[in-house]
1. Calculate, for residue 90 and residue 136, the FRET efficiency according to 1/(1 + (r/R0)^6) with r their C-beta to C-beta distance and R0 35 Å; round to the nearest 0.05.
2. Could you report the range 58-174's accessible area per residue, 1.4 Å probe, as an integer in Å²?
3. Per-residue counts of other Cβ atoms within 10 Å, averaged by peptide: what ranking do you get for 41-53, 124-136, 235-247, highest first?
4. Rounded to two decimal places and with Rh computed the Kirkwood way over Cα pairs, what is Rg over Rh for the range 16-118?
5. State, to one decimal in nm, how far the label point of residue 174 lies from the label point of residue 285, with both points 7 Å from Cα in the Cβ direction.
6. Which shape class applies to the range 73-177: rounded if a/c is under 1.5, otherwise prolate when a/b exceeds b/c and oblate if not, where a ≥ b ≥ c are the square roots of the Cα gyration tensor eigenvalues?
7. Considering only protein heavy atoms and a 1.4 Å probe, what is the carbon-and-sulfur percentage of the accessible area of the chain?
8. Going down the table (27/99; 96/179; 179/204; 96/237), which pairs top 24 Å between alpha carbons?
Amino acid sequence: MRIEWPGNRCIICLKEAPLSREHLIPKALGGIFTCSFLCKECNSALGARVDIEVKKDPRIRFAVDNLESDISKLAYKFREGQNVLLHGSSWTEPGKVHKGIPQVTSRKTEDGALIQSPDESYKSNEKILRKNGINEDTIQEGLRRLYEAKENEIVELAPGRIAVKRRVEQVEPDPRGSKLLTPLFPLKIGYEFLALLLGTAIYKQDPALDRLRVALRQGLENHPSFHVESLNASEYKPFHGIGFVGNNPHAVVLIRLFGWLAFRVHFHRLTINHPSISYLHRLDTNQEDIQATNQSADTPRQSG
């Protein structure tokens, strides 16, 4: 769903500039709800500071894993490039997912051995053997033996050069670099959703709005203009949602990701003259809907 924006200024920096398309929920999470209301500079800055972190949050990884049967295409794209750990019977190596396949990260050990994926190993060994003057028939025979070798079998490619095809027994997400989403992530989504409700009134020089814009521009995670509650529902479901739930006493926006992970964003000293309304995106059917908010029996609760 693409919403046409009536203004000609960026909703963050308020400058007149060519406006670029923004995904309220990041494209990496399957988001298709867009509006062109950010300038390129603010869009790029928020993407680099906020949206890029979504793949590092283990809660989102678990949600994708739990819903894989419902969102297989999204799960495949989400895992692409992810850092993983590959485990064998007596070894562990870091790697990445490439074209849906976990592959070890190439490296050279202290004793000069090469740790590589099978495809890289064939290419590098072929290059090294040619450089060492090994004849073509011996090279091809050695590479054939390596290709046909059983896992963990030592193969002599040529005199003085051996290789081992290791067996990967387990693959898991690499916890190194894992990081919970910054509070600026739900703040950005909530502020952008409120902008859609306010229209060009979002440009107003209002102290509450000014403070929110400062927090977003400067990347201030702890700021008196807002606070975020982390919540979770009872189960994973294939949908994303954003809803303005009213003023109590200030504006509150509820964001749900994969049905389970949720954030309640409180916009201090800001009230919105608009009925409660929600946006829903079904990830399994790609259907979207905007309607008056109804309270669900599956109400997210405070996490932890």
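The values are calculated or read from the model by the stated rules, or taken from the named source; none is laboratory data. All values derive from a computational prediction rather than experimental measurement. Neighbour counts are summed over all protein chains in view; Cβ atoms, including those assigned to glycine, are modelled from backbone coordinates with ideal geometry. Calculation scope for accessible area: heavy atoms of the full protein, side chains included, ligands and nucleic acids excluded. Shrake-Rupley method; radii C 1.70, N 1.55, O 1.52, S 1.80 Å.
1. With a Förster radius of 35 Å, E is 0.50.
2. With the other protein chains kept in place, the range 58-174 gives 65 Å² per residue.
3. My ranking of the peptides, most packed first, is 235-247, 41-53, 124-136.
4. Rounded to two decimals, Rg over Rh is 1.11.
5. For the pair residue 174/residue 285, the computed spacing is 4.0 nm.
6. Cα axes put the range 73-177 in the prolate bin.
7. Here carbon and sulfur together make up 49 percent of the probe-accessible area.
8. 179/204; 96/237
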